[in-house]
Amino acid sequence: MKLSFFNSLFAKSNKPLVMPDSILVKKLKIVASENSLFLYNNVNIYHHANSYNIPLMLLDLSRGIYLFEKKEWSYDDLKNSTIEKAEKQNNSIDTLSYQNRQTIINQKFNEITHHDSVPIFNYLLMENINIDQYEHLNESFKELLPRNRIIFNDSSIEEIIEKLEYSELSKSSLPSQDEILGNLLIQYAILCEDSSLKLCTQEQMNFIDDEIFGFEILQAKEASGVSNTLLLKAILEKLKHKDKKILIIKPSRLACDILKKKLLEIIEHAIVEIDLTSIFVLTPMELVNMHLQKLKKEPIKDELFIDDILMTKKFHLAELVLCDDSNLYTDEFINYLLHIQNDRDLLLVNSVIKDPRHVYRKTFLEESKTVSFYNANQYAKALQTVSKLLKSVPAKEIMVVSSHATKENLHEDMTFYINHKPLLLDSSQNLVDQKMDSVMLSTYDDIISLDVKHIVLLDICSTDLSKLNYAVNLAKRSVSIIYEQECQAINELKDTYENN
């Protein structure tokens, strides 16, 4: 896609109005920042088909979870009043009423981890009452709302810390922040390949939470977690609007299948109930063919083509379209998306567009990854490299990327010389039809969305540099770059990776 075309389409959206934090919330943010605590304001816990709002939550890995309830009571509201325990509090030592929230936290944590939840402490934020006014209230307030569990509007940061430390240290070691909050706030939890959880970055959380209005852009670096957060965004939209239809676009059938498999894994782990039949994951060609079918036109088969009639007819498949890797698509297809989503919402993910509303600046490229260059016969060196890797890592963790002709030749050589039958990867085929438990042989156009640890790159000088960089960044552990002659692409790759 031409960048000038993309920039001409983009008009920056106005950000929704965000209400400023109260004085007490600002103080709690300072306390959290200076004491390695984690503060979350106005978050929802989703469990099965229900949602539970938490006005303010603080995580202390040495103690547990603090729940804060905000009250707008003024001194005039309370000065002539008395209060009594609610029925559910009669047998409770804790006089602050958070029973429903505590129950769902314990239940959510237990159902996912099969272990007990972490300790939970309850506090009250009195935004409009100071300590002197509290002292003049009826004794019934002081009994049910103890002073050491209330943060007043004139509480200093030191006083806030002292009250938080009133809650005793945990007697046993608590799980990590990712495990605790990832299991509670599933809309911000990236499910890793090994089934561990990684909490989203603040940039990712902001994107997941923000409403998409009309046409918007997400600009993201390579390996910044886009695919995972698109899924989390789709899940959250469905949890908030159960009848909403969402379309995610990926470049290939294989990439779509990988994303759908991950979607099912996230839903199963999160223990939430959403209608997966209203989340579509399609390639550009599948989307266009659905439109053509509606118009009773013949489908396209070999190459994506936008018939003129498609640009004159409406096609409302989804209220929200999330288009990943949009810089890989033609201008005509992007125009088509703009046409069918004219009165609905569309997000394009692009790695090069500047100054969009949503940006992922952080990348999660493996710091321990090695990039090695070999000036040698590419067939012989590729066979030697794969043979050596097979002695220490599973075959499914290895991929060789090359031109189509080289891929076919390597398939025969690998079967004959090292007695291993590799997979001829085809991104146009479904995941279920490809047994991905052997060494994968792929072209540069077929590797989108794959997850691999060791990559061998061939045919360097005849491949676009952007595709080479994508392939290098795809690997998690090692990259072997094999070339038979020097060229501009080799020089640029060496400048980028050899000294890093």
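The values are calculated or read from the model by the stated rules, or taken from the named source; none is laboratory data. Quick caveat: nothing in here was measured; it's all calculated off a predicted structure. Neighbour counts run over all protein chains shown; Cβ positions are idealised from the backbone, glycine included.
A Cβ distance below 8 Å, combined with a sequence gap of six or more or placement on separate chains, defines the contacts here; from the stretch 209-226, residues that are more than 22 Å from Lys240 (Cα to Cα) reach residues that are in a helix (DSSP H, G or I) and of a type in the set (Phe, Trp, Tyr) in the pairs Glu222/Tyr470. Only one entry of Ser252, Ser227, Ser170 meets the criterion of being assigned by TED's automatic domain parsing to the domain that holds Leu56, over 25 Å from Asn50 (Cα atoms) and small (Gly, Ala, Ser), and that entry is Ser170. Need pairs with beta-carbon distance below 6 Å; first residue free of Cβ contacts under 8 Å to residues at least 40 places away in the same chain and within the stretch 194-207, second part of a helix (DSSP H, G or I) and hydrophobic (A, V, I, L, M, F, W, C); sequence gap 6+ or separate chains. Listed pairs, sorted by first residue: Leu199/Leu181. Considering (1) loosely packed, with under 13 Cβ neighbours inside 10 Å; (2) part of a loop (DSSP other than H, G, I, E, B), the lone condition that Glu158 does not fulfil carries the number (2).
The condition (being assigned to a loop (DSSP other than H, G, I, E, B) and surrounded by 16 or more Cβ atoms within 10 Å (Cβ to Cβ)) is satisfied by just one residue among Ile266, Ile334, Ile306, Ile300: Ile306.
Condition check ((1) more than 16 Å from Val359 (Cα to Cα); (2) crowded, with 23+ Cβ neighbours inside 10 Å; (3) at pLDDT below 95) across all residues:
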position: Leu174; (1), (2), (3): yes, no, yes
position: Tyr188; (1), (2), (3): yes, yes, no
position: Asp194; (1), (2), (3): yes, no, yes
position: Glu216; (1), (2), (3): no, no, yes
position: Lys233; (1), (2), (3): no, yes, no
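Condition check: buried (at least 17 other Cβ atoms within 10 Å of the Cβ), of a type in the set (A, V, I, L, M, F, W, C), touching a Phe, Trp or Tyr at 6+ places or on another chain (Cβ under 9 Å) and within 25 Å of Val371 (Cβ to Cβ). Does Leu450 satisfy that? Spelling it out, it is not the case that Leu450 is buried (at least 17 other Cβ atoms within 10 Å of the Cβ), of a type in the set (A, V, I, L, M, F, W, C), touching a Phe, Trp or Tyr at 6+ places or on another chain (Cβ under 9 Å) and within 25 Å of Val371 (Cβ to Cβ).
Considering (1) without any contact (Cβ under 8 Å) to a residue 40 or more places away in the chain; (2) out of contact with any Leu (no Cβ under 9 Å at 6 or more places or on another chain); (3) buried (at least 22 other Cβ atoms within 10 Å of the Cβ), the lone condition that Leu184 does not fulfil carries the number (1). Does Ala255 count as closer than 30 Å to Glu111 by Cβ and touching a residue at least 40 places away in the same chain (Cβ under 8 Å)? So Ala255 does not fit the description; no. Inspection of the stretch 448-458 identifies at least one residue that is over 30 Å from Val281 (Cβ atoms) and either out of contact with any strand residue (DSSP E or B) (no Cβ under 8 Å at 6 or more places or on another chain) or outside the structural domain of Met285 (by TED's automatic domain parsing) (or both).
Considering Thr406, Thr385, which residue is more than 19 Å from Arg477 (Cβ to Cβ), in a helix (DSSP H, G or I) and of a type in the set (Val, Ile, Thr)?
None of the others qualify; the one that does is Thr406.
Is it the case that some residue within the stretch 439-448 is modelled with pLDDT under 90, on the phi < 0 side of the Ramachandran plot and in contact with a helix residue (DSSP H, G or I) (Cβ under 8 Å, 6 or more places away or on another chain)? Yes, there is a match, as at least one residue in the stretch 439-448 is modelled with pLDDT under 90, on the phi < 0 side of the Ramachandran plot and in contact with a helix residue (DSSP H, G or I) (Cβ under 8 Å, 6 or more places away or on another chain). Please verify whether the stretch 480-487 includes one or more residues that are among the small types (Gly, Ala, Ser) and part of a loop (DSSP other than H, G, I, E, B). No: the stretch 480-487 contains no residue that is among the small types (Gly, Ala, Ser) and part of a loop (DSSP other than H, G, I, E, B).
For the residues Lys240, Lys233, the requirement of being in contact with a Ser or Thr (Cβ under 9 Å, 6 or more places away or on another chain) and in the same structural domain as Leu338 (by TED's automatic domain parsing) singles out Lys240. Can you tell me which residue in the stretch 269-297 is modelled with the highest pLDDT, limited to those that are buried (at least 18 other Cβ atoms within 10 Å of the Cβ) and assigned to a loop (DSSP other than H, G, I, E, B)? Once the filter is applied, the top-ranked residue is Thr283. Quick one: Lys301 ticks every box in (1) more than 30 Å from Ser196 (Cα to Cα); (2) at pLDDT 95 or above bar one, so which box is it? Result: Lys301 passes all but (2).
Would you check which residues across the stretch 273-327 are in contact (Cβ under 8 Å) with a residue 60 or more places away in the chain and over 22 Å from the mean Cα position of the chain (by Cα) and list them? The one that is in contact (Cβ under 8 Å) with a residue 60 or more places away in the chain and over 22 Å from the mean Cα position of the chain (by Cα): Leu317.
Scanning the stretch 431-460 for residues that are more than 24 Å from the chain's Cα centre (by Cα) and among the polar types (S, T, N, Q) yields Gln434, Ser438, Ser442, Thr443.
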